[in-house]
1. For Glu177 and Tyr61 in the same chain, what is the full-extension length gain: residue separation times 0.36 nm, less their Cα-Cα distance, in nm?
2. Hey, quick one: spin label on Arg29, modelled 7 Å out along Cα-Cβ, who in region 140-183 has an amide N within reach, i.e. under 20 Å?
3. I need the Debye-formula profile for region 50-125: one equal scatterer per C-alpha, no solvent, reported as log10 I(q)/I(0) at q = 0.11 1/Å, two decimals.
4. Please go through region 6-57 and write out the trypsin sites (Lys or Arg not before Pro) that DSSP classes as loop and that have at most 16 other C-beta atoms within 10 Å.
5. Return one quarter of the surface area of the convex hull spanned by the alpha-carbon atoms of the chain, equal to its mean projected area, in nm².
6. Can you count the Lys pairs in region 1-149 whose Cα atoms are under 16 Å apart, with each pair 8 or more apart or on different chains?
7. Sorting check: for 16-22, 74-80, which peptide has the highest mean count of neighbouring beta carbons within 10 Å, and how do the rest follow?
8. Working out 0.36 nm times the residue gap between Ile73 and Glu114, then minus their Cα-Cα distance, what length gain in nm do you get to one decimal?
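Every read-out reported here was derived from the displayed coordinates using simple, explicitly stated rules and does not represent laboratory data. Remember, predicted model here, so these are calculated numbers, not experimental data. No Cβ is skipped: glycine too gets one built from the backbone with ideal geometry, and neighbour counts run over all protein chains shown.
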Amino acid sequence: MKPGRAVFLDRDGVIVEEVHFLRSPEHLRLIPGSAEAIARLKGAGFKVLVASNQSGVARGYLTLRTLARIHRILKAILLKRGARLDAIYYCPHHPRAGRRARCDCRKPRTGMLERAARRFGLDLKSCYLVGDTRRDVRAARNAGCRAILVRTGKGGRGGRYRARPDKICRDLTEAAEWILKSA
């Protein structure tokens, strides 16, 4: 295993069930197999990082404090199942913030991935991004990562991005298997 490799995961629709703007930890539900997949990736030596757009903050659906609580509880739930995330990155900006807010983090932009690369010494070309939207796939392409689209969550439906993934998988379990075989 080469140093500097990671798997970036979108949160909603990849690790946890998709709900329209997750606003409370009480609505957190792991997608079956996601904790075990994260544990397998960690066991193989990958950094496992979340990169998630969270515009519900800018829209007023939840506060940064509530988002932090959701992430603390998510980490605790995963840890009870033997899985550990190395970090969670999120973009709290509104989709239309763009240049006005100087947002470089909202996917498909690459700010979250670049910050993680600096912090953990990652080679983004040796990393993977697993997401449930074409926006996630475009972010992977923009950063030079390999892109995996999962059919859970939004399953690649909708969106204005025409990016093609390297692999389409049923869920995070299948994505982890493919990554481990490809590594």
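1. Values: separation 116, 0.36 × 116 = 41.76 nm, distance 3.55 nm.
Contour length minus the Cα-Cα distance gives 38.2 nm.
2. Of the residues in region 140-183, 150-157, 170-174 have backbone N under 20 Å from the label point off Arg29.
3. The Cα Debye sum returns log10 ratios of -0.33.
4. Arg23, Arg29
5. So the Cα hull casts an average projection of 9.4 nm².
6. Working: Lys2/Lys42; Lys2/Lys47; Lys2/Lys125; Lys42/Lys75; Lys42/Lys80; Lys47/Lys75; Lys47/Lys125.
So the count of such lysine pairs works out to 7.
7. 16-22, 74-80
8. Numbers: separation 41, 0.36 × 41 = 14.76 nm, distance 2.55 nm.
Difference between extended and current length: 12.2 nm.
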